[in-house]
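Asker: Okay, here's the structure, questions in a sec.
The values are calculated or read from the model by the stated rules, or taken from the named source; none is laboratory data. These numbers come from a predicted model, not from an experiment. Cβ placement follows ideal geometry from the backbone for every residue including glycine, while neighbour counts extend to all protein chains displayed.
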Amino acid sequence: MTLSFESLPPEILFSVADSLALEHLPSLHAFSLASKFCCAIANRYRFQNIHFEIQAENQLLIDIQYWEQVLGRADAFPFVQRLSINGVIKSPGYNNSHGTGDPGSGDPKTLRSHQKSFHGEDEWTDIAHRYSSLLFPGPRFVRIQKMDVWRPLSNFVKKLSGLKDLFWVVCNQFPPCLLDVLHNNLPMCRLHLRVSTLNHIYGNDLPPDSKTYEYTLATSPSLASIAFRIRNLGNAAMYTERAVMQMAAGLAPNLTQIHMHYQNRQFLYNLTQPSPREDQFAQPPKSPSSLRSLSLDNPAPETLGTWNERALFSNLRTLQLHVNHGTRLLAKAAEYQFPLLNSLILRLTTTEEGHFNSIVCVDNDASLFLATLPPLKYLLISSIYAKESTRVAFEHHGRTLHKLGLLFHNSGDTWRSRVTPRLIRDIQAHCPKLRDLTLSIPRSQGNTHEVNLYRVLGKILSLNHLTLELDCTTIRSADAKNILINLAVDKQLVREIFSIIAGPSSSLLQSLTVSVITSHVMNDLPFLPELVSEMIWSWRDKIPKMNWLELGPAEAMFRELWPEREGFGSGSWMDDWYSFPLQLE
């Protein structure tokens, strides 16, 4: 008896659609076109994530209208689980003259805005890097007292009955009308703020009603995560920091994740100045702390004790510490207990090279801290030098690690840590349960040394997922042609790398993610940053090439460095930049 595809049990088809949604969304759209039956199944997953990229009020209205039509035709309003909103509306009534056409009319600018997606976060996301434009907004940050501009968006969100997460990545204050929808219509939806919304809560630039609203927002039961900075503003910074700690202690009853960036650790506290007359944040929390993930970027060592008093470290599952070399933060952290911690991210940075003693000191502090922790499942170490901390990580946590990341920053120092075949073999020997690995690989134009690293990686048989950061910052800026060869990372090269790693003896590897690190290599060649950025985007996301590059001297300079690709006719000169094959012999 011949069975049709539609005769399969629904749970199998739902599983297929779910996998396609996670791995390759275009394939899910193709699956939905097979039949009405497949379309009905796919619709549960096609519209789980919606992203708005806004620039002005009129464009936001166009996006809302577009999604109203799409979701209405598919009866898919209840299937939307995550909504992310990114951008800025400059002021009520402001209209952007670009990209204002109907999404259905084929206007390329508008269509591309709908094709973009908000990149997800996981326990390793570098919040400070991801949202630097919001944590350091300068004059871009806008507060709009008249919130009518957001009313259409709140009416749209109200229809998303299955919404689980709302990410606010906008330089405007989170609007009261949206908060009302979350409280009254979507009480189970989690709100994630990626804006420094509390920076002025103790300042003099907000009227009393705005301060009352900010307190309502800061203590909302919908609030699940926040990211912002603490600036050197004297007592205002101190009171804001303590307010956040009180939120973590339970004033925000469902706040599970906090990222704090300390712009300057040296607060100029005036302890003789009285606290604000009506400090709502000084009252004790009515709920226990729900904080499970804490990220502290450049805090003072003594700050840890204050945090532990209000939001106990004993409740944390995930901890991120961004430490500048020269501080003893990790030595202080080793004094506290983290009995439930299973995920640790250590980002050890320095602003100057050559301070070997201070860098080694931080590495020793990191190894001491690692030795005090319970066995971890997830560990990321990002540093120039991590000899001792890597050794302790293998000895104390290797047997329980499911996910490991070792990102060794490039520098001109010969003693810096590097990924070598021996290090990879140590990972294989000490981490039998490892499923997910992230490494920085120094590119060397695909020579035999680089290829050997890929071959040794293929011997870690337990791996399901591998992420490689190809570090292209190892070539001197004068070697322009070698820079271009190193940076020429296209799909063909990634497939070559995958075929070496995922050979017959490495059948468990399911995915390979590759990114390119390009910082500090092109100081003497000002045209190269734009050229490289254009090349990378052209093959990664198939975005049409920008015409302005054709108008500058880039082509002539490029032709001096790179020969014309034979057999490809008279195509664009940018099409001649292709990856060189790996040296397999």
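Asker: For the range 435-444, how many residues are surrounded by fewer than 20 Cβ atoms within 10 Å (Cβ to Cβ) and assigned to a loop (DSSP other than H, G, I, E, B)?
Answerer: 2
Residue-by-condition table, conditions (1) free of Cβ contacts under 8 Å to residues at least 60 places away in the same chain; (2) small (Gly, Ala, Ser):
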| position | (1), (2) |
| --- | --- |
| Pro10 | yes, no |
| Ser19 | yes, yes |
| Ala40 | yes, yes |
| Arg46 | yes, no |
| Asn49 | no, no |
| Glu53 | no, no |
| Ala56 | yes, yes |
| Tyr66 | yes, no |
| Gln69 | yes, no |
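Asker: Please go through the range 213-256 and pick out each residue that is modelled with pLDDT of 90 or more, over 21 Å from Leu178 (Cβ atoms) and of a type in the set (S, T, N, Q).
Answerer: Selection gives Gln246 alone.
Asker: Oh, and also: Go through Ser367, Ser389 for me and flag whichever is farther than 27 Å from Glu309 by Cα, buried (at least 20 other Cβ atoms within 10 Å of the Cβ) and of a type outside the set (A, V, I, L, M, F, W, C).
Answerer: Exactly one of Ser367, Ser389 is farther than 27 Å from Glu309 by Cα, buried (at least 20 other Cβ atoms within 10 Å of the Cβ) and of a type outside the set (A, V, I, L, M, F, W, C), namely Ser389.
Asker: Give the residues of the range 369-387 that are over 25 Å from the mean Cα position of the chain (by Cα), modelled with pLDDT of 95 or more and part of a helix (DSSP H, G or I), sorted by residue number.
Answerer: Phe369, Ala371, Thr372, listed by residue number.
Asker: Looking only at the range 445-473, count every residue that is part of a loop (DSSP other than H, G, I, E, B), buried (at least 18 other Cβ atoms within 10 Å of the Cβ) and among the hydroxyl-bearing types (Ser, Thr, Tyr) and tell me the total.
Answerer: 1
Asker: Continuing with this model, one more query. (1) touching a helix residue (DSSP H, G or I) at 6+ places or on another chain (Cβ under 7 Å); (2) at negative phi: which one isn't true of Gln445, the others all being true?
Answerer: For Gln445, the exception is condition (2).
Asker: Now, a different point. Could you count how many residues in the range 9-46 are exposed (fewer than 13 other Cβ atoms within 10 Å of the Cβ) and modelled with pLDDT under 75?
Answerer: 3
Asker: Please go through the range 316-337 and give me each residue that is surrounded by fewer than 21 Cβ atoms within 10 Å (Cβ to Cβ), under 18 Å from Leu376 (Cβ atoms) and over 24 Å from the mean Cα position of the chain (by Cα), ordered by number.
Answerer: Ala334, Tyr336, Gln337 - these are the residues of the range 316-337 that are surrounded by fewer than 21 Cβ atoms within 10 Å (Cβ to Cβ), under 18 Å from Leu376 (Cβ atoms) and over 24 Å from the mean Cα position of the chain (by Cα).
Asker: Now, a different point. Output the number of residues of the range 338-364 satisfying the condition of being part of a helix (DSSP H, G or I) and surrounded by fewer than 20 Cβ atoms within 10 Å (Cβ to Cβ).
Answerer: The total comes to 6.
Asker: With the condition kept exactly as written, say whether any residue in the range 438-455 is under 18 Å from Ile381 (Cβ atoms), modelled with pLDDT of 95 or more, in contact with a Cys (Cβ under 8 Å, 6 or more places away or on another chain) and among the aliphatic types (A, V, I, L, M).
Answerer: No, the range 438-455 has no match at all.
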